[in-house]
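Encoded as structure tokens, the structure appears first; notes follow it.
Here, each number is a calculation from the coordinates, and none is a lab measurement. Keep in mind that this is a model prediction, so the values were computed, not measured. Backbone-built Cβ (ideal geometry, glycine too); neighbour counts: all protein chains shown.
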Amino acid sequence: MTLKFADRHLLDNLDALARIGAIEGGGCARLALTDEDRLGRDLVVGWMKELDLDVRVDAIGNVIGLRAGRENLPPIMTGSHIDTVRTGGRYDGNYGVLAGLEVVRALNAANVVTRRPVAVAFFTNEEGARFQPDMMGSLVYAGGLGLNEAYAAVDQDGVAAGDALRRIGYLGATMPGALKPHAFLELHIEQGPILDEEKVRIGVVESVQGISWTEYTVTGVSNHAGTTPMRLRRDAGYLAASVNLFVRKLAWDMGGNQVATVGSLALRPNLINVVPNRAVFTVDLRNTDEAKLKEAEAAVAAHIADVAAAERVEVKSKVLARFEPVIFDASLVDRVEHHAMALSLSTRRMPSGAGHDAQMMQRLCPTAMIFVPSVAGLSHNVKEHTEPADLIAGAQVLLNLMVELAES
Ligand code: GLV
Ligand code: MN
Ligand code: MN
């Protein structure tokens with residue numbers, strides 16, 4: 001069975017969703033469990049209902065739209081997330097969810113009832129930009145994090161995720177994970193430069209690299225910037241700066257897939273003429289190889305211990321997220337490649353540099369991902385862009401594979 005969907009719907013819906021929380025430069029700010037997230041959710045739920053999906057909201061706010069099959073079997077599920085980072089683009093996550101709706105629209109238009117049910121999901125707080133860990137909704141769904149632990153995560157203003165979820169009206173009744181899929185597929189933009197640089201249309205994603213997120217709180221002593229001799233300083237900001245330089249060099253020296261980022265840094269009192277007595281900063285380390293990721297973590301810890309001793313500052317650390325690399329289901333990955341090739345689209349096998357809900361779903365059922373190019377490799381940036389022809393091509397691969405699996 002070959003189905004084709006109405007291209008325009010996908011592009012128009014991406015535009016409509018991007019208008020919610022729109023920010024300067026063409027991007028989106030829909031941090032998880034904010035009013036903007038609620039408005040985005042309401043819009044997508046409305047679309048799900050228009051498509052006659054049976055919409056269920058679970059206790060961590062994941063939303064699943066179910067389309068019945070000829071038999072009452074576990075569904076073929078697709079989906080992603082619609083929350084964004086504060087300076088996000090319009091495709092990260094949103095594309096996979098809205099393309100999933102187009103799969104349903106194509107099935108509806110062709111009056112096809114597949115053997116297995118088909119489900120389209122969006123998961124809560126994939127980004128982890130406001131509440132940690134990232135991939136929170138899918139992690140709870142897969143049984144990797146308890147509901148109460150997830151509810152207790154607090155943002156920088158001390159707001160608990162559970163309270164924020166209740167406030168936006170998405171603390172649902174069903175148990176996360178109650179619906180166990182037969183297979184899960186996530187269509188996503190690459191968010192990196194490889195496909196664009198190599199002019200390849202479809203990324204066949206074999207794995208997701210491991211992620212290590214740690215927050216450090218450094219306590220030193222505030223003092224006068226003009227009168228305090230360098231030998232007497234206990235500068236919390238100095239340690240933070242040294243870690244930023246250290247992890248850059250570490251990633252270069254390790255090579256391979258090692259990446260390292262200090263993405264958040266706050267100094268106190270944050271004044272030009274005062275030695276900072278407090279620094280709070282984060283380190284994001286990622287590698288496709290778990291042993292190398294552990295090596296990087298150990299090197300950072302040793303560096304921090306050395307500098308803390310020399311500077312006589314105190315350091316407390318808190319792990320915000322730690323996920324090992326994930327390998328997707330080999331035969332499903334082959335089917336992604338098969339369907340892309342059948343559409344005469346060029347392909348490339350690759351790992352994912354970013355975290356995704358699919359990496360959690362792989363704990364539950366055979367899972368795979370489909371990537372499309374990101375122009376200039378930009379993501380978590382308002383200029384994030386994917387050409388319409390690539391958005392359509394990726395969605396067609398998803399549609400063809402969903403139909404095959406739903407009939408299997
Ligand atoms: C999630 O988008 C991440 O990979 O940081
Ligand atoms: Mn994403
Ligand atoms: Mn993201």
Problem set entry | Gain upon complete extension [Ser264, Val112; 0.36 nm per residue less C-alpha separation] | 49.8 nm
For this session: For each of His224, His9, count neighbouring Cβ atoms within 10 Å of the residue's Cβ, then give the residues from fewest to most.
Result: His224, His9
For this session: State whether segment 3-49 is rounded, prolate or oblate according to the following rule on the C-alpha gyration tensor (a ≥ b ≥ c being the square roots of its eigenvalues): a/c under 1.5 gives rounded; otherwise a/b larger than b/c gives prolate, and the remaining case gives oblate.
Result: oblate
Exercise. Rounded, prolate or oblate: which one fits segment 210-323, using the alpha carbon gyration tensor with axes a ≥ b ≥ c (rounded when a/c is under 1.5, else prolate when a/b beats b/c, else oblate)?
Worked result: prolate
Problem set entry | Selection of GluC sites (Glu not before Pro), segment 35-135, meeting DSSP coil and at most 11 other Cβ within 10 Å | Glu71
Problem set entry | Scattering profile of segment 337-408 at q = 0.15 Å⁻¹ [log10 I(q)/I(0), Debye over alpha-carbon scatterers] | -0.61
For this session: Evaluate the relative contact order of the chain (contact order divided by residue number), counting alpha-carbon pairs under 8 angstrom at least 6 apart; express in whole percent.
Result: 24 percent
For this session: Using only C-alpha atoms and all pairs of different ones, pull out the Kirkwood radius for segment 101-241 in Å with one decimal.
Result: 20.1 Å
For this session: With a/c under 1.5 counting as rounded, go ahead and sort the chain into rounded, prolate or oblate using the C-alpha gyration tensor (a ≥ b ≥ c being the square roots of the eigenvalues; past the cut-off, prolate if a/b is larger than b/c, else oblate).
Result: prolate
Problem set entry | Between segment 105-121 and segment 124-200, the alpha-carbon center distance in angstrom | 25 Å
Problem set entry | Table column - 3J(HN,Hα) (Hz), segment 327-338, Karplus curve with 6.51, -1.76, 1.60, x for Gly and Pro | 9, 7, 5, 4, 6, 5, 4, 4, 5, 4, 4, 4
Problem set entry | Sites matching trypsin sites (Lys or Arg not before Pro) across segment 199-260 that sit in DSSP coil, with at most 15 neighbouring C-beta atoms within 10 Å | Lys199
